[in-house]
Amino acid sequence: KLAIDALDNVNQYDISLSLYQRAVRENLLTPWIKDTRTMDLRNHSLSVCKVMVNHILNLMRDKKLPVFTLTMLLSDNITDEIININEFSKFLLSIEPKNILHIEDSNEGNKRQIKISRDNILLWLGGYT
């Protein structure tokens, strides 16, 4: 995770994505909460979260993963702000095609969650057809 942070700081996204993919293949990192389609972004930096979400969106774009509402758990306590939501949102809007992806609050009980709706992902994917 530290290497991904460092690579993000020097705009080496391709290398950080490659490193992340290797960590997933070797079961060192997983983006999912077990037996769900909810991404677990707890205890990850903004840099790692960006790579994780972009990786999943790329899998959807490449049709290696079905399109579904992407729910992301940020914290077990609604008052905690683990990542900067505004920065994360700006990142999503920067993914080509730009200015389409956006997040919505999706809090469940006391858990802090955000999501990208299936319809929003499909709209974003429309830019690739």
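Please find, within the range 30-46, the residue that is nearest to MET72 (Cα to Cα) out of those that are over 10 Å from the mean Cα position of the chain (by Cα) and buried (at least 19 other Cβ atoms within 10 Å of the Cβ).
THR38
Starting from residues that are surrounded by 12 or more Cβ atoms within 10 Å (Cβ to Cβ) and in contact (Cβ under 8 Å) with a residue 12 or more places away in the chain, keep the ones in the range 88-100 and report whichever is nearest to ASP40 (Cα to Cα).
PHE88
Which is charged (D, E, K, R) and under 15 Å from the mean Cα position of the chain (by Cα), of ASP8, ASP14?
Numbers: ASP14 fails: under 15 Å from the mean Cα position of the chain (by Cα).
None of the other options fit; the residue is ASP8.
For the condition out of contact with any strand residue (DSSP E or B) (no Cβ under 7 Å at 6 or more places or on another chain) and within 27 Å of LEU123 (Cβ to Cβ), what is the one hit in LYS1, LYS64, LYS34? Steps first, answer last, please.
Details: LYS1 fails: within 27 Å of LEU123 (Cβ to Cβ); LYS34 fails: within 27 Å of LEU123 (Cβ to Cβ).
Exactly one of LYS1, LYS64, LYS34 is out of contact with any strand residue (DSSP E or B) (no Cβ under 7 Å at 6 or more places or on another chain) and within 27 Å of LEU123 (Cβ to Cβ), namely LYS64.
List every residue pair whose Cβ atoms lie under 9 Å apart, where the two residues are 6 or more positions apart in sequence or sit on different chains, the first residue falls within the range 31-52 and is free of Cβ contacts under 8 Å to residues at least 40 places away in the same chain, and the second residue, located anywhere, is hydroxyl-bearing (Ser, Thr, Tyr) and assigned to a strand (DSSP E or B).
TRP32/THR38; THR36/THR71; ARG37/THR71; MET39/THR71
Residue-wise test of (1) under 12 Å from LEU41 (Cβ atoms); (2) surrounded by fewer than 11 Cβ atoms within 10 Å (Cβ to Cβ).
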site	(1), (2)
ASN86	no, yes
GLU104	no, no
ARG112	yes, no
ASN120	no, no
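Would you check if LYS64 is within 19 Å of THR30 (Cβ to Cβ), charged (D, E, K, R) and either open to solvent by less than 30 Å² (accessible area, probe 1.4 Å) or within 13 Å of the chain's Cα centre (by Cα) (or both)? I'd like the intermediate steps shown before the answer.
On the way: within 19 Å of THR30 (Cβ to Cβ): yes; charged (D, E, K, R): yes; either open to solvent by less than 30 Å² (accessible area, probe 1.4 Å) or within 13 Å of the chain's Cα centre (by Cα) (or both): no.
Here the answer is no, as LYS64 does not meet what is asked.
The values are calculated or read from the model by the stated rules, or taken from the named source; none is laboratory data. Note that this is a predicted model, so its numbers are computed, not measured. Here the Cβ is made from the backbone with ideal geometry for all residues, glycine too, and neighbour counts use every protein chain on show. The area values use the complete protein model at the heavy-atom level, side chains included, leaving out ligands, DNA and RNA. Shrake-Rupley method; radii C 1.70, N 1.55, O 1.52, S 1.80 Å.
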